[in-house]
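Heads up: the structure comes next, in structure tokens.
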Amino acid sequence: MASGLFFDPLKLLRVAPLLTTTSALLYAWDEHWYLSGFLRSEHKSETETILPSYFRRFFEQGVFIIAGLNTLTVSTSVANLLIDRPVLDRLRSSRWNDLVHYLRHNHQIYKPNFVFKQNNQDPGLGSWCML
């Protein structure tokens, strides 16, 4: 079945980084949409009581979703570069892959600094709501 007659695994490998990145972006947009409702001034008192437990839960479980999707994106992108580099060069898409890897690595370097500051300093939710 994986011979390409019914299903071509190389096509799935080529599309996998797009699918995993799209999933991570949709998850991030959903979080943004959900949390932006708490920034309204009429919800300030509820925000102070609800969001601490929400952020605890997110950093306990949601981080694994994002880390898993990022790992799948990076691993399938690297696999594409290792397996099909000549094809990607011919299609002029390998430079896009290289750019995405550069941006992804910079993001991975920045992210732990942000999470570490938020977990250790805990400035209170009042500063989050004043954004």
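The values are calculated or read from the model by the stated rules, or taken from the named source; none is laboratory data. Since the model is a prediction, treat every value here as computed from it, not as a measurement. Here the Cβ is made from the backbone with ideal geometry for all residues, glycine too, and neighbour counts use every protein chain on show. When the accessible area is computed, the model is the full protein with side chains, heavy atoms only, and any ligands, DNA or RNA have been set aside. Shrake-Rupley method; radii C 1.70, N 1.55, O 1.52, S 1.80 Å.
So what does LYS11 come to for accessible area, using a 1.4 Å probe and Å² rounded to 10?
130 Å²
If you take every residue apart from LEU88 with its C-beta less than 12 Å away from the C-beta of LEU88, what net charge results, scoring Lys and Arg +1 and Asp and Glu -1?
+2
Contour minus end-to-end for LEU81 and ASP98, with contour as 0.36 nm per residue of separation and end-to-end as the Cα-Cα distance? Please report the intermediate quantities before stating the final value.
Details: separation 17, 0.36 × 17 = 6.12 nm, distance 0.90 nm.
Stretched out fully, the LEU81 to ASP98 stretch lengthens by 5.2 nm.
How much of GLU31 can a 1.4 Å solvent probe reach, expressed as accessible area in Å² and rounded to 10?
30 Å²
Positive end of the charge dipole of segment 27-103 (Lys, Arg +1 and Asp, Glu -1 on Cβ, about the Cα centre): tell me which of TRP96, LEU51, VAL74 has its Cα farthest that way.
Positive-most Cα among the choices belongs to TRP96.
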